[in-house]
Each structure stands twice: as C-alpha cells, then as structure tokens.
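Chemist: First, the structure itself, so that you have it in front of you.
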Protein chains: 2
Amino acid sequence: MKIEVIVIGSEILSGFTINTNAAFISQELLKEGVDTHYHTIVSDDAESLRKALVEALERSDVIITTGGLGPTCDDLTRSVAADLFDSDFIYHPEIEEELQKRYGNKLVSARDQATLPEKAEIIKNTLGTASGLLFKKNEKSLYLLPGVPPEMMEMFSKSVLPRILSKISPEEKKRNVWLHFTFLIESKVDPTLRKLQKLYPTIEMGIYPYRGKISVHLSGLIHDQKGLDACRKVLLEEFGKYHYESLSGKIEEAIHNLFSNNGLTLATAESCTGGTIASRLTVLAGASQYFLGGMITYSNQMKTEFLGVSENTLNDTGAVSEEVVIQMAEGVINKTGADYGIAVSGVAGPTGGTEKKPVGTVWVAIANKDNETTSWLIQGKKASREMIIDYTVNTVLGRLYHIVTRSL
Amino acid sequence: MKIEVIVIGSEILSGFTINTNAAFISQELLKEGVDTHYHTIVSDDAESLRKALVEALERSDVIITTGGLGPTCDDLTRSVAADLFDSDFIYHPEIEEELQKRYGNKLVSARDQATLPEKAEIIKNTLGTASGLLFKKNEKSLYLLPGVPPEMMEMFSKSVLPRILSKISPEEKKRNVWLHFTFLIESKVDPTLRKLQKLYPTIEMGIYPYRGKISVHLSGLIHDQKGLDACRKVLLEEFGKYHYESLSGKIEEAIHNLFSNNGLTLATAESCTGGTIASRLTVLAGASQYFLGGMITYSNQMKTEFLGVSENTLNDTGAVSEEVVIQMAEGVINKTGADYGIAVSGVAGPTGGTEKKPVGTVWVAIANKDNETTSWLIQGKKASREMIIDYTVNTVLGRLYHIVTRSL
C-alpha cells in the first residue's frame with residue numbers, strides 16, 4: 001500500500017513555516033511499521049492543488065492532506081477535492097449546532113464550516129472548527145485534515161491511523177531498527193554497513209549524520225527479522241561505546257531517561273549556547289524530575305556573580321577557555337547542589353572570532369559532585385551560528401551520557 | 001518559470017529529520033521575487049527517485065534536488081540522474097587531486113567522488129566532498145546538490161541562484177509584502193483581507209497563524225505594486241498596534257533589533273519555558289549586545305536564591321502565580337542591572353495541572369528598571385507542552401516589543 005502526504009499551504013512552500021505536519025504523520029506510521037512513499041508540498045491555489053491531487057491519486061493508494069480546510073479566503077482544499085470527486089455540498093445543521101455550542105455566536109463561519117461535500121465521510125474535529133473529510137473511489141482513499149497541528153494530530157491518531165492499519169497485513173509491515181550514536185562519523189560506519197548489506201541484501205540500510213550525531217536505520221519485512229537482529233548485534237559490538245538509547249533519536253531523551261531513572265540531578269551553565277541545552281532538556285515532559293535549573297551567563301559579571309568564576313581567570317585566559325568552563329561547571333554544582341553540572345563557553349560567530357580563537361571554538365566541561373571534571377575543546381568548525389550551537393549541545397549531552405552510564 | 005525542489009532522503013520522508021533544505025532554497029528564491037512551485041520529498045531508493053525526477057521534469061522547468069550525492073551505499077542520486085540523461089561517467093583527476101589536497105589520504109572515496117556523469121556541468125563544492133551537478137535538456141535544468149546544509153547553502157547561493165535569476169525577467173518577478181502581528185487572531189484579519197481581495201483581485205493573499213503570531217502575505221507582479229502598497233497601508237492602519245517589524249517574521253528578531261538599536265539591555269527569568277526565551281534570542285548573531293543573561297529557575301530554591309523570590313510568597317500562592325512572576329521579573333533586574341526583565345512561570349504539562357491551575361496556565365511578567373511591571377495570565381490552552389512553551393515565548397516577546405516601542 002502506497003501512502004502519500006500532501007501538505008497544502010504557501011507559507012510552507014515559501015519556506016516561511018517549517019513543515020512539521022508531514023514529519024508527524026510519517027513518524028506515527030513508521031512506529032506501526034508503515035512507510036510513507038511520498039511527501040508533496042503545494043501552494044494553496046486551486047490549480048496547483050488540483051494537479052497535485054490528480055497526480056497523487058494516480059501513484060498512491062492512500063493520500064493524506066493537511067491544510068486549507070479553514071474558513072478563510074485562502075482555504076480551498078474542500079472545494080477542489082469535491083470537484084474532483086463530483087460531489088455537491090450539503091449543509092449539516094448538527095455540525096453548526098455543535099460549533100455554536102462550543103464557540104457561541106462569535107463564530108461567523110459556523111454555517112460555512114458545516115457545509116461539506118456530500119460524498120465525503122466526515123472526520124470529527126473536537127479541537128477546532130474544520131471537519132476532516134474522507135473521499136473514496138476505486139480502492140483509493142483521500143483524507144483531508146486541517147493544518148493546525150494539534151487538530152491534525154488528534155484526528156490523524158484517532159480516526160485516520162486506525163483505518164489505515166486495518167487494511168495492512170502483518171506481512172506488509174516493516175520491521176525497523178534505529179541505532180543512534182554520538183562522537184562517531186559516517187565514514188567509520190559505512191564500511192561495516194556495506195559488509196552487512198552484502199550479507200543481507202533485502203534489508204534497507206541508511207546512515208543519517210546530524211550535527212554531532214549519527215543514526216543508522218535498518219528496515220526489512222517479516223522474513224528479515226533474523227538479519228535485522230544480526231545487523232543490530234554487529235553494529236553494537238563494533239560501535240557500542242558511541243551508542244545511546246533513545247526512541248526519538250534525540251540525545252536529550254537519552255539524558256532525560258538516564259537521569260530520571262537513576263535519581264540523578266543536573267544543572268547547566270551556558271554561555272555561547274545561550275539556554276539551548278536547558279531548552280532542549282526542558283521541552284520533554286517531566287524534566288523537573290532531574291533538571292534543577294540553569295544559568296545563562298552571557299556577561300563576565302554574571303559568570304563571576306552567579307557561578308563564582310574568578311575575575312583573575314577571566315582576565316588571564318578570557319571567557320572562552322578551559323579554566324573558565326571548569327570553574328563554571330564546578331560553580332553551578334556548588335550553587336545548586338546538582339549531581340552533575342555542564343558548562344559551555346565559546347565563539348558561536350559569525351563575528352567575535354580571533355586568530356587564536358576562531359569562530360567555532362567552544363570549550364566544554366562536565367563536572368560531578370565528587371569534583372571529577374572532564375573538559376574538552378570543540379575546534380573551529382566552518383558552520384553557521386545555529387549549527388555550532390546545535391553541534392555543541394549534541395556532543396556535550398552525548399559525552400555526559402557516556403560519562404554517567406560508565407559511572408553507574 | 002516553474003521551479004521545484006526535490007529533497008532526497010528516507011530520514012526526511014520518515015519524519016526522523018525535519019526538512020529545512022527545501023525551506024532554505026524557497027526562502028532565498030522568494031527574497032528575489034521568485035516562487036517555488038512544488039516541494040517533493042522522496043526516499044533514496046532508485047525506483048522512487050527515478051519516478052520523482054521523471055514527473056518533475058514533466059511539470060517543472062527548473063528542478064533542484066538535495067541529498068544522495070555522498071560516497072556511502074545509500075547515495076544514488078548521481079547514477080539515477082545519469083541514467084535518465086543517458087550519460088556515462090568519466091573520471092576527473094583534477095577533482096581527486098583537489099580532494100586529496102584538502103583531506104589527504106584518509107578520504108577513501110576520493111576516486112569515487114571524482115567520477116562524475118559526462119553530460120553534467122560540475123558545480124564546485126568547497127566545503128565537502130560531493131560535487132554538485134547540472135543536467136540540461138530541452139530547456140529544462142536539473143541541479144543536483146548535496147544534502148549537508150552548509151554545503152548545499154553555499155553552492156545554491158553561489159552557483160545555482162545566479163543562474164536561475166539570469167533567466168527571469170523583471171516582469172516575471174513577484175513583489176512580496178509580509179506583515180507580522182502578535183495578539184491578533186486570524187478571524188479578525190480575514191474580513192479586511194476579503195474586502196481587499198475584491199478591490200485587488202490579482203493580488204494573492206494569505207494569513208498564516210502560528211503559536212501566538214499571525215503573518216499576512218501579499219504577493220503580486222509589477223503591475224500590482226500600487227495595490228500592494230495600498231493593502232499594506234490599510235492593514236497597518238487597522239492592525240498597527242499589533243504589528244512588529246521583522247524580516248524573518250520571528251518576533252525575537254524584532255526584539256533583537258529594537259534592543260540593539262536603542263542601547264537597551266534585557267535579562268530573563270524562566271521557569272516553565274526552561275531557557276527557550278533565551279535560546280531563541282541568543283541564536284541570533286550579536287545577541288550579546290543587549291542580552292545580559294538569564295536564569296532558569298526550575299526549583300523553588302533557585303527562585304529564592306538567585307532571584308530573591310520570597311519563600312512566603314512561594315508558600316502562599318504557589319510557584320505559578322502573579323506574585324511570583326512579578327518578583328522574578330523584578331529580581332532578575334536587581335541581580336543583573338538590565339533595563340528590562342522577563343519572567344515566566346506556568347504549567348506546561350502534560351502532567352502537573354490542577355483544577356485551579358490546569359495545564360496551559362502560565363503567568364508572565366515584564367518589568368523595567370523604573371519598577372513599572374506588567375503581568376498577565378495565559379489561560380489553559382489545550383495543546384502540547386512544546387506548543388504551550390512556544391505560544392508563551394511568542395506572546396511574551398510580542399508584549400515586550402509593544403511595551404518598549406511605546407515607551408521610546
């Protein structure tokens with residue numbers, strides 16, 4: 001069964017909004033062993049939309065669209081789809097009633113939102129005003145969902161995913177293995193994967209490097225299960241020391257579980273990463289279980305006042321130095337009583353670099369309560385500010401993961 | 001001229017990696033007044049790739065692909081494209097030499113990376129190992145670029161964009177107007193846009209709400225210039241008080257410019273947003289000009305110790321309360337000497353909510369040096385933790401923007 005996602009909206013096509021809806025749908029499908037075959041993003045004009053739907057109906061069995069179902073002037077998905085399926089519109093008084101119950105009379109578009117294509121099955125939206133729609137014809141299914149993420153997510157998980165899964169046999173479902181590593185580069189893993197590919201030619205293999213991390217993806221059908229297990233074993237034997245355990249692939253998830261499960265606490269002292277370490281950790285639910293807090297000490301004065309970094313050291317070595325990050329990491333433990341402290345100070349650029357400390361020079365330290373402190377230098381990478389920050393966050397959390405797992 | 005971007009990679013199609021390459025390319029094109037017509041994301045197997053290229057060559061004039069040019073086993077773009085254009089491969093000793101100059105003998109794939117389709121023009125990659133390629137046939141151009149963002153970005157900006165622009169006449173170029181607002185909802189703007197659409201039917205109009213912000217996009221050709229100016233004027237007259245000035249549409253960019261240009265300083269005290277305000281501000285180059293630092297006080301102890309929040313208040317009202325955020329905002333000014341202080345404390349969920357303070361309850365305060373403090377409550381929105389955090393960050397920065405601009 002070929003599944004395609006079509007995201008409708010000029011704001012995504014123009015690059016103004018990053019497309020997360022398609023990723024969500026494909027992730028949910030993948031968890032159930034179902035691949036997505038195609039993503040398409042089209043603008044919300046009628047002509048492009050119509051063409052995209054026609055092409056998708058030719059090449060895919062199930063098409064899920066998001067966006068363009070709202071009441072405003074640029075929302076055309078309903079009418080374009082209705083036209084394709086030769087459907088008239090009918091008014092559903094019970095939907096208007098339900099909308100008025102929820103929103104009162106302030107919803108001027110209630111009647112419009114309750115007028116829907118006759119030939120479509122209606123998918124209930126309990127969070128917003130736009131109903132989802134399901135059109136069927138010649139074994140093909142076209143699901144139309146709203147673009148607002150919480151609405152789309154709930155409707156997909158509750159109404160669309162179960163319908164798709166009911167039509168897929170266990171033999172069709174993919175078995176997926178994901179392995180995640182830090183401090184490992186693609187060219188080290190590639191020879192091993194090539195050897196494994198020769199041994200197990202029916203297994204699909206991919207390596208995905210991303211800002212200090214690498215993920216290896218293996219995928220096969222039911223008869224590949226033994227091969228998948230064998231590949232997994234070989235990769236862990238060879239690269240186990242770089243491996244971290246995380247369902248999402250996010251290193252912060254690995255840290256979250258490691259600290260929560262072992263009753264450990266963490267605090268952060270960030271300069272050039274500017275709160276990104278803390279932000280990435282705390283966006284995960286339950287972070288308060290282990291994360292005590294953090295300081296973003298951009299100015300030298302704050303480094304001294306809040307973390308106890310010596311003014312002399314700052315004057316002698318500058319804020320971007322091994323001495324300073326060690327004092328920051330130890331300082332944040334002293335001030336908060338955390339089991340582990342992380343400190344980062346660097347030149348994230350694009351300006352502020354010098355010959356001795358070019359853009360991308362980042363000093364990092366990890367300390368624990370017993371005054372065991374590890375520090376290291378990330379060397380000037382030619383990359384954007386955002387990438388330098390992300391690379392730093394991923395590698396410092398990766399190193400923390402390995403330090404803590406080995407100490408348990 | 002119809003332009004299409006094809007992103008190649010199972011990690012993107014599976015939702016594992018968020019697709020930022022397509023957004024970058026479309027944003028760069030849009031800045032020059034050129035629309036992207038289509039985005040497609042396909043997996044890196046030969047069959048899907050071939051089909052996607054064939055379809056794209058039928059519907060678009062210029063196709064830009066990213067990904068699948070590396071030396072590893074899952075990199076197939078080169079060979080699939082060469083096959084489509086009936087091209088043999090030839091070895092370029094000068095490219096291997098250049099790669100060896102840069103990487104020495106450790107690059108085992110140098111010969112492979114120097115063996116390229118004969119019929120393609122080579123696009124130099126100064127940051128990585130994979131050359132870009134340009135195939136041409138019957139007025140259609142197919143550009144192949146690597147998927148690694150810094151390499152792709154440089155090659156696109158230096159080599160691809162100028163070639164595309166040289167073939168587009170001024171008459172074909174779009175004029176774009178973007179207006180960004182906070183504290184404004186879509187249904188308030190829609191009636192005005194509908195009126196404007198009737199007056200200026202050739203102008204394309206769209207409204208894009210996103211987590212506490214709204215962007216309005218107007219787009220037209222050279223003869224629409226007067227209409228675009230008139231629409232802009234109407235929208236600013238009607239909704240000016242919600243407007244903020246930002247090229248990227250990011251409210252943090254508006255804050256960045258406002259504070260930097262006026263010599264003001266800012267510090268943050270975050271609880272439930274966990275460093276996201278600071279992170280969003282400091283990812284912009286030059287943030288140290290105005291951002292002094294911040295505290296992420298997850299625990300009550302840290303709120304008291306670092307910000308001077310009264311223990312009695314914490315006991316009486318709880319950490320999520322108006323009294324506490326006011327003390328946090330005033331405390332962070334006292335401790336850092338900043339001109340403005342922001343404080344946030346709330347229940348980001350999904351757990352931790354109570355009947356009185358359900359998930360989504362967030363108290364926010366903005367203080368200035370003269371002890372003028374504004375505080376308000378964000379009411380429990382039914383949304384994910386990540387969305388509650390983002391919504392809070394966008395609205396608190398939006399309010400700060402309006403408070404500061406009115407005080408100048």
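The values are calculated or read from the model by the stated rules, or taken from the named source; none is laboratory data. Bear in mind the structure is a predicted one, so any value in this text is a computation, not a measurement. Cβ: placed from backbone, ideal geometry, glycine included. Neighbour counts: every protein chain shown. These area figures cover heavy atoms from the full protein model, side chains too; ligands, DNA and RNA do not enter into them. Shrake-Rupley method; radii C 1.70, N 1.55, O 1.52, S 1.80 Å.
Chemist: Roughly how many percent of the accessible protein surface of the protein assembly as shown is carbon and sulfur, given a 1.4 Å probe and a whole-percent answer?
Modeler: The C+S portion of the solvent-accessible surface of the protein assembly as shown is 50 percent.
Chemist: Could you give the accessible area per residue of segment B:17-99, probe 1.4 Å, as a whole number in Å²?
Modeler: Per-residue value: 36 Å².
Chemist: Report the residue, chosen from A:T192, A:T317, A:T268, that carries the largest GNM mean-square fluctuation when chain A is represented by alpha-carbon nodes joined by springs under 10 Å.
Modeler: Of A:T192, A:T317, A:T268, the most mobile in the Gaussian network model is A:T317.
Chemist: How far apart are the A:P191 label points across copies, placing each 7 Å from Cα toward Cβ, in nm, shortest first?
Modeler: 7.1
Chemist: For B:K136 and A:K173, what is the calculated FRET efficiency with R₀ set at 56 Å and r taken between the beta-carbons, to the nearest 0.05?
Modeler: 0.85
Chemist: In the protein assembly as shown, with Lys and Arg counted as +1 and Asp and Glu as -1 at Cβ, which of these residues, A:F259, A:G308, B:Y103, has the Cα nearest the positive end of the dipole, that is, farthest along it?
Modeler: Farthest towards the positive pole: A:G308.
Chemist: Any idea how far the Cα center of segment A:77-135 sits from the one of segment A:214-237, in Å?
Modeler: After rounding, the separation between the Cα centres reads 46 Å.
Chemist: Oh, and also: Taking R0 as 51 Å, what's the FRET efficiency between A:K198 and B:S166 from their Cβ-Cβ distance, rounded to 0.05?
Modeler: 0.65
Chemist: What FRET efficiency would be calculated for the residue pair B:S157, A:T351, taking the C-beta separation as r and a Förster radius of 25 Å, to the nearest 0.05?
Modeler: That pair, B:S157 with A:T351, gives E of 0.80.
Chemist: Rounded, prolate or oblate for segment A:307-408? Axes are the square roots of the Cα gyration tensor eigenvalues, ordered a ≥ b ≥ c, and the cut-off for rounded is a/c under 1.5.
Modeler: oblate
Chemist: Test of the criteria: in segment B:285-393, which trypsin sites (Lys or Arg not before Pro) are in a DSSP loop and have at most 16 other Cβ atoms within 10 angstrom of their Cβ?
Modeler: Those that pass, being in a loop and sparsely packed, are B:K356, B:K369, B:K382.
Chemist: Moving to a separate point now. Let me have the relative contact order for chain A, percent, based on Cα pairs under 8 Å that are six or more residues apart.
Modeler: 10
Chemist: Per residue, what accessible area does segment B:200-321 have, given a 1.4 Å probe and all protein chains present, in Å²?
Modeler: 38
Chemist: Then there's this: What's log10 of I(q)/I(0) for the protein assembly as shown at q = 0.10, 0.11 Å⁻¹, Debye sum over Cα points only, no solvent?
Modeler: With one equal scatterer per Cα and no solvent, log10 I(q)/I(0) is -1.20, -1.46.
Chemist: Could I ask something else about it? Residue by residue, what Karplus-based ³J(HN,Hα) values in Hz, rounded to whole numbers, does segment A:262-273 have, using 6.51, -1.76 and 1.60 with θ = phi - 60° and x for Gly and Pro?
Modeler: Once θ is set to phi - 60°, the couplings for segment A:262-273 become 10, x, 9, 10, 9, 9, 10, 10, 10, 10, 5, 7 Hz.
Chemist: Share of antiparallel DSSP beta bridges in the protein assembly as shown, in percent to the nearest 5?
Modeler: In the protein assembly as shown, DSSP labels about 65 percent of beta bridges as antiparallel.
Chemist: Rounded, prolate or oblate: which fits segment B:3-165, taking a ≥ b ≥ c as square roots of the Cα gyration tensor eigenvalues, rounded meaning a/c under 1.5, else prolate when a/b beats b/c?
Modeler: Verdict is rounded for segment B:3-165.
Chemist: Is the shape of segment B:146-233 best called rounded, prolate or oblate, per the rule: a/c under 1.5 gives rounded, else a/b larger than b/c gives prolate, else oblate, with a ≥ b ≥ c the square roots of the Cα gyration tensor eigenvalues?
Modeler: It is oblate, given that a/c is not under 1.5 and a/b is not larger than b/c.
Chemist: Please report Rg (one decimal) and Dmax (integer) in Å for the Cα set of chain A.
Modeler: Every Cα atom of chain A included, Rg and Dmax give 26.0, 78 Å.
Chemist: Continuing with this model, one more query. If you plug each phi of segment B:144-151 into the Karplus form 6.51 cos²θ - 1.76 cosθ + 1.60 with θ = phi - 60°, what whole-Hz ³J(HN,Hα) values come out, in order, with x for Gly and Pro?
Modeler: Taking θ as phi minus 60°, the curve returns 10, 10, x, x, 5, x, x, 5 Hz for segment B:144-151.
Chemist: Hey, rough spin-label estimate for B:E186 and B:R102, points 7 angstrom out along Cα→Cβ, what's it come to in nanometres?
Modeler: Calculated label separation equals 4.4 nm.
Chemist: Using a Gaussian network for chain A with springs between C-alpha atoms less than 10 Å apart, which of these wobbles most: A:W178, A:W363, A:W376?
Modeler: Of the options given, A:W376 has the highest mean-square fluctuation.
Chemist: Tell me the total accessible area that B and A bury against each other, 1.4 angstrom probe, in square angstrom rounded to 100.
Modeler: Using a 1.4 Å probe, the pair buries roughly 6500 Å².
Chemist: About the Cα centre of chain B, how large is the charge dipole given +1 on each Lys and Arg Cβ and -1 on each Asp and Glu Cβ? Please answer in debye to the nearest 20.
Modeler: 1000
Chemist: Please list, in order, the residues from segment B:171-187 whose amide nitrogen is less than 20 Å from a point placed 7 Å along the Cα→Cβ vector of B:K226.
Modeler: Counting only backbone N, you get B:171-177.
Chemist: Also, I was wondering about something else. Where nothing but the Cβ of Lys and Arg (+1) and of Asp and Glu (-1) is charged, how large is the charge dipole of the protein assembly as shown around its Cα centre, in debye to the nearest 20?
Modeler: Rounded to the nearest 20 debye, it is 120 debye.
Chemist: Further question on the same structure: Under 16 Å from a label point 7 Å along Cα→Cβ of B:D86: give me every residue in segment B:106-127 with its amide N that close.
Modeler: Output list for this probe position: B:118-120.
Chemist: Okay, moving on. What are the trypsin sites (Lys or Arg not before Pro) within segment B:66-151 that DSSP puts in a loop, where the Cβ has at most 14 other Cβ atoms within 10 Å?
Modeler: Within segment B:66-151, the qualifying trypsin sites (Lys or Arg not before Pro) (loop, at most 14 other Cβ atoms within 10 Å) are B:K124.
Chemist: What nm distance separates the two modelled labels at B:E32 and A:L247, each placed 7 Å from Cα along Cα→Cβ?
Modeler: Once both label points are built, they end up 4.5 nm from each other.
Chemist: Something else: So which lysines can A:K195 reach, going by Cα to Cα under 28 Å and dropping same-chain residues fewer than 8 places off?
Modeler: A:K31, A:K173, A:K174, A:K213, A:K226, A:K233, A:K241, A:K250, B:K106
Chemist: Could you work out which residue, out of B:P209, B:P93, B:P146, moves most in a Gaussian network model of chain B, that is, has the largest mean-square fluctuation with Cα springs under 10 Å?
Modeler: B:P93
Chemist: OK, next. Would you mind counting up the charge near A:H223? Only other residues with Cβ under 13 Å from its Cβ, with Lys and Arg at +1 and Asp and Glu at -1.
Modeler: Computed value for this residue: 0.
Chemist: Mind listing which GluC sites (Glu not before Pro) in segment B:277-364 are in a DSSP loop and have 15 or fewer other Cβ atoms within 10 Å?
Modeler: Counting only loop positions with at most 15 other Cβ atoms within 10 Å, the GluC sites (Glu not before Pro) in segment B:277-364 are B:E355.
Chemist: Please check segment B:67-103 for residues whose accessible area, probe 1.4 Å, is lower by 30 Å² or more when all protein chains are in place than in their chain alone.
Modeler: By number: B:T72, B:C73, B:D74.
Chemist: Would you kindly work out, in nm and rounded to one decimal, the distances from the label point of A:G353 to those of the same position in each other copy, ordered shortest first, with label points 7 Å along Cα-to-Cβ?
Modeler: Going from nearest to farthest copy, the values are 4.7 nm.
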